[in-house]
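Please read the structure below before turning to the comments.
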Amino acid sequence: MGKSNSEQNALIEKGSTVETDDGKVKARKAAGKVRYTLDLQSFLPYRMYRLAAQMSQAGNKLSLLLLESGVPIGEREWRVISVLGSYGGLTNGHVADALKTDAATVTRAVKVLKKLGFVDTKNSKRDRRKQLIYLTQEGADFHDLITPKRIETGELIDACFSYEEKEQLQHLLNKLDRHLHHLENELEDEWE
């Protein structure tokens, strides 16, 4: 585990080296003394953020793939295509929830994708305000053009794990996902 706040502050005071997963970082004397320090290497939100950024940089050539395809869409639109390709037709709210984004972002992406003929919408028979968004055949074909490269990227990233480790990681991620969903619901309940 990490060092206590006093140990970390002592290291910073001395200007010594702090070990990180990707090498050593020279600790600099801070202009102001902090009372609380985070051991960033054991602070889960920081680690998850860094890992997501590293995965994005290391294997995510999505922007290049989209550019090479000649189709004028960005990652926002691709994410909507990806979700619809995985789950089938969904409402705007369900797509937003799957992507952990706001409905307005999904609406903007759907507008672009509709102009390209990649998605279409159907009104709900029960509630005319709700629309089902789904891939057209052209959208499905584009999905199938990009997805094999995305799968390859995923395989490159998780190649460092054995089968058992991948299973364990999926189990732990699912557990964390359920826990965060529970926390999110608790926070929402406080405001109702």
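One table, with the values for the structure above:
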{"item": "Leu145 vs. criteria touching a Ser or Thr at 6+ places or on another chain (Cβ under 7 Å) and closer than 23 Å to Met55 by Cα", "result": "yes"}
{"item": "Residue list for the range 139-168, filter: surrounded by 12 or more Cβ atoms within 10 Å (Cβ to Cβ) and farther than 24 Å from Gly85 by Cα", "result": "Phe161, Gln168"}
{"item": "Positions within the range 155-181 being within 19 Å of Pro45 (Cβ to Cβ) and modelled with pLDDT under 90, in sequence order", "result": "His181"}
{"item": "Qualifying residue in the range 171-187 (condition: touching a helix residue (DSSP H, G or I) at 6+ places or on another chain (Cβ under 8 Å), part of a helix (DSSP H, G or I) and among the charged types (D, E, K, R))", "result": "no"}
{"item": "Residue match in the range 77-88 (condition: of a type in the set (Lys, Arg) and assigned to a helix (DSSP H, G or I))", "result": "yes"}
{"item": "For Lys175: the one exception among (1) surrounded by 12 or more Cβ atoms within 10 Å (Cβ to Cβ); (2) farther than 21 Å from Leu66 by Cβ; (3) of a type in the set (Lys, Arg)", "result": "(1)"}
{"item": "Matching option when the condition is assigned to a helix (DSSP H, G or I) and within 19 Å of Leu62 (Cα to Cα), among Ala96, Ala109", "result": "Ala109"}
{"item": "Yes/no for Arg50 being under 30 Å from Ile146 (Cα atoms), touching a helix residue (DSSP H, G or I) at 6+ places or on another chain (Cβ under 6 Å), among the charged types (D, E, K, R) and modelled with pLDDT of 75 or more", "result": "no"}
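The values are calculated or read from the model by the stated rules, or taken from the named source; none is laboratory data. This is a predicted model, so every value here is computed, not measured. In this analysis, Cβ positions are derived from the backbone assuming ideal geometry, glycine residues included, and neighbour counts consider all displayed protein chains.
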